[in-house]
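What follows is calculated from the coordinates using simple rules that are stated; it is not laboratory data. As the structure is a computational prediction, the values presented were derived from the model and not from experiment. Virtual Cβ from ideal backbone geometry, glycine too; neighbours counted across all protein chains shown.
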Amino acid sequence: MNLILIQDRDLAADGTIRLDDYRADHVRSVLRSQPGDALSVGRINGPVGTATVTVVDGQQVVLSIPEWTDSQPQPTVDLCVALPRPIILRRLILTCGMMAVRSLTLFASARVEKSYWQTRVLQPDTIQRLLREGMSQGASTWETRITLARNGWLPPADSSYRLVADADSGLPWSDIGTIPRGQRVSLAIGPEGGWIDAEREAFQKSGWRAVSLGPWNLRVDTAVPVALAQLSLRQTDAD
């Protein structure tokens, strides 16, 4: 963990933080922290800061009242992904937490197997665990909002920029130009079998621009971080 995520229930009456779950195990066994050591902490959907370890024993880890120093900028990317295979879905959710995705809509495109919707990965407790593992790794406090669109999906129209990855008809990312930092961006990633013509037409009619991720046939868990990295490189501060 590069960031210990803190929830309201972790705060004791005296303002200290008391951990008695997997986070305490991580502090003891992986970080091998001792009283007096400083740890990076962050409140979910809130600021980050530094806390000092005061107690480490077999029951719990106690941290001092944190010095909250900074609030991270709110995420701006709304990701829309055709529901992938369960093993790929796990990696996708981890990536969303790690790379601070604002929202993730998992939808049923024409080439999504109906059986994928039965996976235990879509259970709320599993989603939360995977998201927070990714958030801790990526040192992000923002928790991705996940929506399941089992009966299909219509492209949203409330983002300033709407991009759809398409290996067959997409333009180079250099053609997108710069994106002002803070602007909402919707990004759609299709199934590994690609979009059907009707889906391409729906995107085009809704004002989405097709972009290419290169000449390769990428798995979803590779395509998503590649696309998010491209977006990050094109974000610039407004003049």
Subject >> Ranked packing of 36-42, 135-141, most packed first, by mean Cβ within 10 Å >> reply: 135-141, 36-42
Original post:
FRET efficiency for A229 and A139, Cβ-Cβ distance as r, R0 = 22 Å, nearest 0.05?
Top reply: 0.85
Original post:
If you work out Rg/Rh (Cα atoms, Kirkwood Rh) from the coordinates, which of (i) 0.98; (ii) 0.93; (iii) 1.04 do you get?
Top reply: (iii)
**OP:** Taking the dipole about the Cα centre of the chain, with the C-beta of Lys and Arg at +1 and of Asp and Glu at -1, give me whichever of L104, Y116, I189 is farthest to the positive side.
**Re:** Y116
Original post:
So, by mean Cβ neighbours within 10 angstrom, what's the order for 173-182, 186-195 with the highest one leading?
Top reply: 186-195, 173-182
Original post:
Based solely on its DSSP helices, what 222 nm [θ] is calculated for the chain when runs of n ≥ 4 H residues each add -39,500 (n - 2.57) and the sum is averaged over all residues, nearest 500 deg cm²/dmol?
Top reply: -7000 deg cm²/dmol
Original post:
Per 10 Å bin from zero, what fraction in whole % of the C-alpha pairs of the stretch 4-71 is there, up to the bin with the longest pair?
Top reply: 23, 60, 17, 0
Subject >> Rounded to 5, percent antiparallel among DSSP beta bridges of the chain >> reply: 35
Subject >> Total charge dipole magnitude, the stretch 4-71, about the Cα centre, Cβ charges on Lys, Arg, Asp, Glu only, Debye to nearest 20 >> reply: 100
